[in-house]
1. I need the full set of residues from the range 106-118 which are part of a helix (DSSP H, G or I) and farther than 21 Å from His236 by Cα, in order please.
2. If a residue has to be part of a loop (DSSP other than H, G, I, E, B), among the hydrophobic types (A, V, I, L, M, F, W, C) and within 16 Å of the ligand (Cβ to nearest atom) to count, how many in the range 1-54 make the cut?
3. Find all pairs meeting these conditions: Cβ atoms under 7 angstrom apart; at least six residues apart or on different chains; first residue within the range 14-35 and within 11 Å of Arg51 (Cβ to Cβ) and among the basic types (Lys, Arg); second residue more than 10 Å from the ligand (Cβ to nearest atom) and assigned to a strand (DSSP E or B).
4. Condition first: in contact with a helix residue (DSSP H, G or I) (Cβ under 7 Å, 6 or more places away or on another chain), farther than 17 Å from Glu288 by Cα and more than 15 Å from the ligand (Cβ to nearest atom). Now tell me which residues in the range 128-162 satisfy that.
5. Of all residues being among the β-branched types (Val, Ile, Thr) and under 22 Å from Ser233 (Cβ atoms) in the range 71-93, which is surrounded by the most Cβ atoms within 10 Å (Cβ to Cβ)? Just the residue, please.
6. Taking the conditions exactly as written (assigned to a helix (DSSP H, G or I) and out of contact with any strand residue (DSSP E or B) (no Cβ under 9 Å at 6 or more places or on another chain)), does Leu90 satisfy them or not?
7. Check Asp174 against each of (1) more than 19 Å from the chain's Cα centre (by Cα); (2) over 18 Å from Arg287 (Cα atoms); (3) surrounded by fewer than 20 Cβ atoms within 10 Å (Cβ to Cβ) and name the one condition it does not meet.
8. Which ones in the range 1-13 are touching a residue at least 12 places away in the same chain (Cβ under 8 Å), of a type outside the set (D, E, K, R) and more than 25 Å from Ile253 (Cα to Cα)?
Amino acid sequence: MSLDLLDNPPPWPGGARCAVALTFDMDAESLVHLRHGAAAPGMIGASSALRYGPRIAVPRLARIARAYDVPLTVYIPGWCVETYPDTVRLLAGEGHEIGHHGWLHERPNTLSPADEATVLLRGIEAIEQATGARPRGYRAPAYAMSAETGRLLVAEGFAYDASLLGDDVPYMLDCAGGSLVELPSDYALDDWPQYVHMGEFSMAMPIRAPERAMEVFRAEFDAAHRHGGLWVSVFHPFVSGRLARAEALCGLIEHMQAAGDVWFATMAEIAGHVAGLVERGEWTPRREALPFWSAPVEPLVTP
Ligand SMILES: [Zn+2]
C-alpha cells in the first residue's frame with residue numbers, strides 16, 4: 001500500500017511509525033449492579049464471569065505486560081477501585097495508568113448535569129485515594145459521553161478523553177472552558193463484538209476464535225503502522241484476559257514488536273506528547289467543538 005490515506009499524522013517520539021496503547025476497561029460487577037439493581041445479588045453466574053476480570057485476568061495481563069515490557073492503561077469505575085483495592089494496587093505499583101470510568105459504570109448521557117458531576121468527583125476521589133494521584137484521563141462508560149462531559153473534564157483538570165471515535169490520530173476537543181486531547185479508538189478495537197455472549201446485557205454475539213478476533217485487531221495495527229496512526233484497544237479484562245485470548249494477545253504484541261518502530265505508551269504519555277507538540281508549535285491537530293448539536297435537526301418531511 002503506497003497510497004497516502006492518512007492526513008496529518010503527528011510525529012511520534014523517537015521517529016516511531018505509530019503509537020500503541022493497550023487499554024482495558026475493568027468494569028467488574030459494576031455492570032450487573034447498575035443494570036439489574038435489586039436482582040444483581042442473585043445473578044451469581046454473570047457476576048462470576050465479571051469478577052474474573054479483577055481476580056484472574058488483571059494479574060495475568062500484568063504478567064504479560066511485564067514479560068513484553070509494555071505499559072497498560074486501565075479505566076476503572078470508582079466503585080470497582082474501592083471493591084478491588086489489591087487489583088488497583090498491583091496495576092499502579094507496576095507503573096500502569098489508572099483512568100476514570102465513572103462510579104458504577106453510569107452512562108453520562110443518561111444523567112443530569114448535577115448527577116454527572118457527582119459521579120465524576122466520586123470517581124476521581126476513589127482513584128486519588130487508591131493511587132495517590134488524580135486520574136489524567138477519562139473514558140465514558142459505553143461510549144456514552146454527554147453534552148456536559150467535556151466541560152466537566154476540563155474543569156477538573158483532565159488532560160485527555162478516550163471516549164470517542166472521530167479520527168485515526170489524536171485531535172483536540174474544544175469544550176466550554178477549555179480544550180482536551182482526544183485519543184480516539186474504534187468499535188473494531190473493542191473486544192465485546194468479538195467475544196461477549198451474555199444475555200444479561202442483551203449481547204448475543206457468536207463467539208469468535210481468538211485468531212479471528214486478532215485478525216481484526218491486527219489489521220487495525222498494520223494500517224496504523226503503515227500510515228502513522230494511533231492504535232488504542234478497548235479491551236476488557238474479563239473478556240480478553242481469558243486464557244486462550246490472553247495467549248492470542250501475546251501473539252499480537254509479538255507481531256507489533258516484530259513490526260518495529262512502535263511507541264508503546266500509556267494514554268497519559270500519549271496525551272502529554274500531543275500537548276507538548278501543540279504547545280511547541282510542532283504539530284497542528286484537527287479540532288472539534290463539543291457538543292456537535294445544540295438542538296435536534298428538524299426533518300424536511302416526516303417519514
Ligand atoms: Zn466499561
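Every read-out reported here was derived from the displayed coordinates using simple, explicitly stated rules and does not represent laboratory data. Only a predicted model underlies this, so the values are computations on that prediction, with no experimental measurement involved. Neighbour counts run over all protein chains shown; Cβ positions are idealised from the backbone, glycine included.
1. Asn109, Thr110, Pro113, Ala114, Asp115, Glu116, Ala117, Thr118
2. Looking only at that region, the number is 2.
3. none
4. Ala130, Thr131, Arg134, Arg136, Glu156
5. The residue in question is Ile76.
6. The answer is yes for Leu90.
7. The single condition Asp174 does not satisfy is (2).
8. Residue satisfying the conditions is Asn8 alone.
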